Amino acid sequence: MTLEISRADLADPHLHTFLAAHLADMAPTAPPESQHALDLDGLSRQGVRVWVARLDGVLVGTGALADLPSDLGDHDGDGDDDDEERGDRSSRGGSGHDGHRAPESSHAELKSMRTDPARRGEGIASRMLAHLVEDARSRGVRRISLETGSMEFFAPARRFYAAAGFVECPPFGSYVDDPHSVFMTLEL
């Protein structure tokens, strides 16, 4: 069996179904104001790069990086301008390998990581994360941050990201402290 990771076709009905299942899994975990998973419209916005993992042609995983704009200021006290993905994602800075330009802030948010529940434990998430990190590095991104849930449902995700080198951090961008959220970051 061969795992292939490629840019997502956002018109693919299989992707729509996969993402709908992802959102349905997240829905009961927190109140709406504490749910930050992107829907298809959110993933379609400028500055969001979406990939799919296929195992022998079958969709088994997704992952996305959202450029964080630099015009909202530094919210985590590290001196860098880091901002949340919901703002203006106009691309500035150096050119990436596919013609996309690196975000001026050199900070991206990891979004929409999901592995088909029937395929968990097979290394798909690790391969997807490695792919996303390499894409970020190739575009000059210096840090990847993420928001995940604080509930037990998300404990495996928190362990996965910690094992990959992510450490807990304060809220970044326009996120605020929320008992339902854990924020993590990885310096590249």
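Right, A108: buried (at least 20 other Cβ atoms within 10 Å of the Cβ), part of a strand (DSSP E or B) and of a type in the set (G, A, S) or not? Yes: the conditions hold for A108. Taking the criterion of being in a helix (DSSP H, G or I) and more than 16 Å from A108 (Cβ to Cβ), would at least one residue in the range 161-179 satisfy it? Yes - at least one qualifying residue is present in the range 161-179.
Note on the range 131-158: residues that are within 24 Å of R54 (Cα to Cα) and open to solvent by 60 Å² or more (accessible area, probe 1.4 Å) total 4. Look through the range 1-41, keep the residues that are within 21 Å of R139 (Cβ to Cβ) and surrounded by 17 or more Cβ atoms within 10 Å (Cβ to Cβ), and return whichever of them is modelled with the lowest pLDDT. Looking at the filtered set, the residue picked out is L38.
The set of residues in the range 37-64 being more than 21 Å from H107 (Cβ to Cβ) and of a type in the set (A, V, I, L, M, F, W, C) consists of L40, V52, A53, L55, V58, L59, V60.
Kindly provide the set of residues from the range 162-188 that are free of Cβ contacts under 8 Å to residues at least 24 places away in the same chain and open to solvent by 20 Å² or more (accessible area, probe 1.4 Å), ordered by number. Within the range 162-188, A162, A163, G165, V167, E168, V176, D177 qualify. Search the range 49-61 for residues being at pLDDT 95 or above and out of contact with any His (no Cβ under 9 Å at 6 or more places or on another chain), and hand back the single one that is most open to solvent (accessible area, probe 1.4 Å). Of everything passing the filter in the range 49-61, R54 is most open to solvent (accessible area, probe 1.4 Å).
Within the range 111-126, the only residue that satisfies the criterion of being open to solvent by 20 Å² or more (accessible area, probe 1.4 Å), closer than 11 Å to T62 by Cα and in a helix (DSSP H, G or I) is A125.
The values are calculated or read from the model by the stated rules, or taken from the named source; none is laboratory data. Here the structure is a predicted model, which means the values were calculated and not measured. Positions of Cβ are generated from backbone atoms using ideal geometry, with glycine treated the same way; all protein chains shown enter the neighbour counts. With ligands, DNA and RNA removed, areas are computed over all heavy atoms of the protein, side chains included. Shrake-Rupley method; radii C 1.70, N 1.55, O 1.52, S 1.80 Å.
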